[in-house]
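Written out below as structure tokens is the structure these notes cover.
The values are calculated or read from the model by the stated rules, or taken from the named source; none is laboratory data. What you see is a predicted model; the values in this text were computed from it and never measured. Quick reminder, even Gly has a Cβ in these numbers, built from the backbone with ideal geometry, and neighbours come from all protein chains shown.
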Protein chains: 2
Amino acid sequence: MATLQAIKYNDGSLEILDQLLLPESCTYISINNVQDAWSAIREMKVRGAPAIAIVGSLSLAVELRKLAAPETKKDLHSLVKEKLDYLVTSRPTAVNMQLAAEACVKLSNNLVDKASVDAAEAKDVLVKHLEAMLANDIADNLAIGEHGARDIAKKCGNKDKLRVLTHCNTGSLATAGYGTALGVIRSLHKANLVDQVYCTETRPYNQGSRLTAFELVYEKIPATLICDDMAAAAMKEFKIDAVIVGADRVAANGDTANKIGTYQLAVLAKSHNILFYVAAPFSSIDFQIPTGQSIPIEERPHSEMTHTGSIRTAAAGIHCWNPGFDVTPAELITGGIVTEKGVFKSDQLVPV
Amino acid sequence: MATLQAIKYNDGSLEILDQLLLPESCTYISINNVQDAWSAIREMKVRGAPAIAIVGSLSLAVELRKLAAPETKKDLHSLVKEKLDYLVTSRPTAVNMQLAAEACVKLSNNLVDKASVDAAEAKDVLVKHLEAMLANDIADNLAIGEHGARDIAKKCGNKDKLRVLTHCNTGSLATAGYGTALGVIRSLHKANLVDQVYCTETRPYNQGSRLTAFELVYEKIPATLICDDMAAAAMKEFKIDAVIVGADRVAANGDTANKIGTYQLAVLAKSHNILFYVAAPFSSIDFQIPTGQSIPIEERPHSEMTHTGSIRTAAAGIHCWNPGFDVTPAELITGGIVTEKGVFKSDQLVPV
């Protein structure tokens, strides 16, 4: 069975998996223009910063492919800029769509200045640029997967089968495809090295039980769901070999901000002598930030903790603390930081 | 405001808090006879092994008080034995009702043999015996609370205010009243020593968010609910002073079986230099069991993890691991084991 695809793109035809319907139903919806993409992003049918940028960009590629050749490159540029400005408003806090828009506008500007390129050719160049984002992101994730799987296998003494634990969702449903930490697990599975994957629920938003568990079942990777308070018991009971998680941002010294609960798993892994890995694109390493102390912790709505749908699961009136992520100190990342450029010890990070 | 009472008993009148309606509604129901008690226990309106035994026993006291003086002590004995045998069938796996029934039948037998006591006097003795269970259990919990609060305050260097973290529900809703670990917290609060209580959700059954949070709000103890994956982040962020949990069973060497997630909190407390306490009646110490390795781990239904009410929260087809409790090694219980007889270092447990 092919890897689960949250974004399907083929010759100007774009479909996305509606994540709002997971895990109940696995339904794809067509994205025929930038309006469709804007709505899908706004309504959270697509999630994860890279995925948002790619769906937005591909929706513009869909429109440009259908477009009759523009009269002038300036007409084309105005059109492209207007559509991208609109797409950026779909989720203003996700920086990736903004960055993708800026890169595309810059390319379009360069094309306007380039006398040797006509309007039809400029359109083709922009389409190819937008379409390449999906393939590039997946290629990076595949490289992360291969580097990570090789390193884990080696550091675990080339055991026949490995038991790994992961947190949150870092797979096809959070990236353009394949995934980061879950990509490493996919690569381990392809190499027939997985005995069992333990995935945490990841309270309060349940990305583990809803999304990661869905991907693992879909691809028939042997997997067991545990609650977040069972991690240490599982580490001890099942003799887990490695913990692999994603990253929202890695500081220059290797301190890593990721989904709340990551720090705790790193402490528990250390005390159980279990390797701890972070997997992320090299672009997640922010060399402007010296240490994790400079990374602000976002607080999320308390209703995520007090309700499941319309069912109240916490006493009325209780105060809640709901940080979106935490920071894992570099020294706890004992396995390494896995990127498409290779696996780095946290004290060996250098801009490339 | 008085301490939350899950069991209200006064001169032959018994009411219990219907725990099925928590946290939505705080409703008391009358228990007028052993049939009422049997149904309330079977339907989980009352939970927790000590509470079950006490509600069952008190329901018999209610009946005996209403009963006209029996003709003979043998008639009385037959009646009492029949009612107790019936009560034991309400939740056969909870050993406390069985033990309470055996003790009462033994007393009744002794009364039959005692020539100086007539039938009416025998009835009074049995009623007093049954009624004493509630008061005795609460008195033990109050003593646990006082011993624990004093020890924590002392070991924390008599700080003005303390931040403590607790797991699961060990309060008025799990015991006859006051509670064990939550009883210690109540005593700290009475002494005006609580800055903030952090209570974990306690997945998958949410005893923390539903029951402990309810008790803390009810008694206006300053408290914050956290998800189970936020414990380490909270320990670091809020500089928590002590973790206090209950116990299902303590082995002779101090290893402690308690709600799943306890072991993890003990590891995290140790790595953050935070005192870790277990609070339980002395009768929870099982000197027949040398270490925690002999304690079997019960697995519970997967539906607890995959659904909240009728809402599916986990992908269909995912395998689950749902152990009901875990074992915390004695060496991680750095504060001590708090009982009604005092606070013990885990290597100082001796039958008393």
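A few points about this structure:
- Here the condition is being under 17 Å from B:Asn273 (Cα atoms) and at pLDDT 95 or above; of B:Ala234, B:Ala223, it holds for B:Ala234 alone.
- Whenever a residue of the range A:256-268 is under 11 Å from A:Asp326 (Cα atoms), its partners that are part of a loop (DSSP other than H, G, I, E, B) and of a type in the set (A, V, I, L, M, F, W, C), lying with C-beta atoms within less than 6 angstrom and at least six residues away or across chains, give the pairs A:Thr256/A:Ala247; A:Ala257/A:Ile295; A:Asn258/A:Ala247; A:Lys259/A:Cys168.
- Every residue from the range A:64-87 that is under 20 Å from A:Lys106 (Cβ atoms), free of Cβ contacts under 8 Å to residues at least 24 places away in the same chain and among the aliphatic types (A, V, I, L, M): A:Leu79
- Residue tally, condition in contact with a helix residue (DSSP H, G or I) (Cβ under 6 Å, 6 or more places away or on another chain), over 19 Å from B:Met97 (Cα atoms) and modelled with pLDDT of 95 or more, over the range B:13-50: 0
- Of all residues in the range B:97-142, those satisfying the criterion of being touching a Lys or Arg at 6+ places or on another chain (Cβ under 8 Å) and over 22 Å from B:Tyr86 (Cβ atoms) are B:Val117, B:Asp118.
- Boolean, A:Ala257 is surrounded by 24 or more Cβ atoms within 10 Å (Cβ to Cβ) and touching a Gly at 6+ places or on another chain (Cβ under 8 Å): yes
- Each residue in the range B:205-229 was checked for being of a type outside the set (Asp, Glu), within 24 Å of B:Glu299 (Cβ to Cβ), crowded, with 24+ Cβ neighbours inside 10 Å and at the interface with chain A (Cβ under 7 Å from one of its Cβ atoms), and 2 of them qualify.
- Selection status of B:Ala149, small (Gly, Ala, Ser), more than 30 Å from B:Ser303 (Cβ to Cβ) and in the same structural domain as B:Leu99 (by TED's automatic domain parsing): no
- Within the range A:301-330, the residues that satisfy the criterion of being more than 23 Å from B:Ser310 (Cα to Cα) and touching a residue at least 40 places away in the same chain (Cβ under 8 Å) are A:Asn322, A:Pro323, A:Gly324, A:Phe325, A:Asp326, A:Val327, A:Thr328, A:Pro329, A:Ala330.
- Filtered residues of the range B:1-33 (kept if out of contact with any strand residue (DSSP E or B) (no Cβ under 9 Å at 6 or more places or on another chain) and of a type in the set (Ser, Thr, Tyr)): B:Thr3, B:Ser25
- Residue check, A:Phe282 loosely packed, with under 15 Cβ neighbours inside 10 Å and more than 8 Å from chain B (Cβ to nearest Cβ): no
- Residue-level check: of (1) of a type outside the set (Val, Ile, Thr); (2) under 21 Å from A:Gly12 (Cα atoms); (3) crowded, with 20+ Cβ neighbours inside 10 Å; (4) modelled with pLDDT of 95 or more, A:His147 misses just (2).
- Summed over the range B:128-156, the residues that are small (Gly, Ala, Ser), over 14 Å from the mean Cα position of the chain (by Cα) and within 28 Å of B:Gly261 (Cα to Cα) give a count of 4.
- Which listed residue, of A:Arg91, A:Arg47, is within 30 Å of A:Lys259 (Cα to Cα) and crowded, with 21+ Cβ neighbours inside 10 Å: A:Arg91
- Being outside the structural domain of B:Ile244 (by TED's automatic domain parsing), surrounded by fewer than 15 Cβ atoms within 10 Å (Cβ to Cβ), modelled with pLDDT of 95 or more and farther than 30 Å from B:His189 by Cα is true of B:Lys128.
- Residue that is surrounded by fewer than 24 Cβ atoms within 10 Å (Cβ to Cβ), out of contact with any His (no Cβ under 7 Å at 6 or more places or on another chain) and aromatic (Phe, Trp, Tyr), where the choices are A:Tyr178, A:Tyr198: A:Tyr198
- Check on A:Ile52, within 30 Å of A:Lys259 (Cβ to Cβ) and in contact (Cβ under 8 Å) with a residue 24 or more places away in the chain: yes
- Sole residue being touching a Phe, Trp or Tyr at 6+ places or on another chain (Cβ under 9 Å) and either touching a residue at least 40 places away in the same chain (Cβ under 8 Å) or over 24 Å from B:Tyr198 (Cα atoms) (or both), chosen from A:Ile289, A:Ile333: A:Ile333
- Whichever residue in the range A:13-25 is in a loop (DSSP other than H, G, I, E, B) and touching a residue at least 60 places away in the same chain (Cβ under 8 Å) and, among such residues, is farthest from the other protein chains (Cβ to nearest Cβ): A:Leu22
- Candidates A:Leu349, A:Leu275 - the one that is over 20 Å from the mean Cα position of the chain (by Cα), among the hydrophobic types (A, V, I, L, M, F, W, C) and modelled with pLDDT under 95: A:Leu349
- Restricting attention to the range A:315-328, the residues being farther than 20 Å from B:Gly208 by Cα and buried (at least 18 other Cβ atoms within 10 Å of the Cβ) number 4.
- Total residues in the range B:191-204, condition in a loop (DSSP other than H, G, I, E, B) and either more than 13 Å from chain A (Cβ to nearest Cβ) or not acidic (Asp, Glu) (or both): 6
- All of A:Leu182, A:Leu188, A:Leu165 fail the test of being in a helix (DSSP H, G or I), over 22 Å from A:Gln19 (Cβ atoms) and either within 19 Å of the chain's Cα centre (by Cα) or modelled with pLDDT under 95 (or both), apart from A:Leu188.
- Within the range A:308-341, considering residues that are in contact with a strand residue (DSSP E or B) (Cβ under 9 Å, 6 or more places away or on another chain) and more than 12 Å from chain B (Cβ to nearest Cβ), the one farthest from B:Glu237 (Cα to Cα): A:Thr339
- Failed criterion for A:Met44 (all others in (1) aliphatic (A, V, I, L, M); (2) on the phi > 0 side of the Ramachandran plot; (3) in a helix (DSSP H, G or I) hold): (3)
- Only a single criterion out of (1) among the charged types (D, E, K, R); (2) closer than 24 Å to B:Met230 by Cα; (3) under 22 Å from the mean Cα position of the chain (by Cα) is not satisfied by A:Arg312, namely (3).
- Flag for B:Tyr263 being within 13 Å of chain A (Cβ to nearest Cβ) and either surrounded by fewer than 19 Cβ atoms within 10 Å (Cβ to Cβ) or within 22 Å of B:Arg203 (Cα to Cα) (or both): yes
- Matching residues, the range B:278-294, being under 22 Å from B:Arg186 (Cα atoms) and modelled with pLDDT under 95: B:Ala280, B:Pro281, B:Phe282, B:Ser283, B:Ser284
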